[in-house]
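The values are calculated or read from the model by the stated rules, or taken from the named source; none is laboratory data. These numbers were taken from a predicted model, which means no experiment stands behind them. For neighbour counting, all protein chains shown are included, and Cβ atoms are generated from backbone atoms with ideal geometry for every residue, glycine included. Protein only, heavy atoms only, side chains kept; ligands, DNA and RNA dropped before computing areas. Shrake-Rupley method; radii C 1.70, N 1.55, O 1.52, S 1.80 Å.
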Amino acid sequence: MTEFRAAPLDSTARVVSGVLVVMLVVIGVVMWTLAGPAVGPFVAVLYVIVLALSWAMAPRSYAVQGGDLVVNRNAWRPFRSPLRGLAEMSEPGRMGLRVAGSGGGFGYYGRFRRSDIGAYRAYLTSRANDIVVPVTTDVGIVTVSPADPQSFVARVSGR
């Protein structure tokens, strides 16, 4: 098994993630003040759960294991699908419409749709076109953002 670290979060994902964490504090304080101690803690706990799940599902690393693409996440079960090879995709960092998932909080992951390629999955920490690698799997196109995209492409290509 060859494992590849995910690229660092790009500036947009860092800002969105920071704003989400700050909002946790602000929403908790505002709800406590406006709704009182009966509702404020409930809303704060709910927000913490959503924030924790968002972090847990974010990609941590990628692996090519036994012919499968494996996306390891921070604290969620890995995504795994048989890998067919590299995919053709213009502007792989352009996300399109988010159907389900995260649009910047701890990364860009989930299901997306673009008019030129249709539905696809993304497990990205950076949307930089020189970092995003689109691959074809049994579930369709999946985009990943390894810290070393050249080595990842070489591994997928069998070089």
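Summary table below
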| read-out | value |
| --- | --- |
| Some residue of the range 40-57 being under 20 Å from Val139 (Cα atoms) and in contact (Cβ under 8 Å) with a residue 12 or more places away in the chain | yes |
| Test: residue in the range 90-108 that is in contact (Cβ under 8 Å) with a residue 60 or more places away in the chain, surrounded by fewer than 18 Cβ atoms within 10 Å (Cβ to Cβ) and not in a helix (DSSP H, G or I) | yes |
| Matching entry among Val29, Val25, Val19 (being β-branched (Val, Ile, Thr), open to solvent by 70 Å² or more (accessible area, probe 1.4 Å) and closer than 24 Å to Arg111 by Cβ) | Val19 |
| Matching entry among Phe42, Phe106 (being closer than 25 Å to Arg14 by Cβ and either out of contact with any His (no Cβ under 9 Å at 6 or more places or on another chain) or of a type in the set (Gly, Ala, Ser) (or both)) | Phe106 |
| Total residues in the range 58-89, condition crowded, with 18+ Cβ neighbours inside 10 Å, at pLDDT 95 or above and not in a strand (DSSP E or B) | 1 |
| Restricting the range 28-69 to residues that are farther than 26 Å from Thr2 by Cα and aromatic (Phe, Trp, Tyr), the residue that is farthest from the chain's Cα centre (by Cα) | Trp32 |
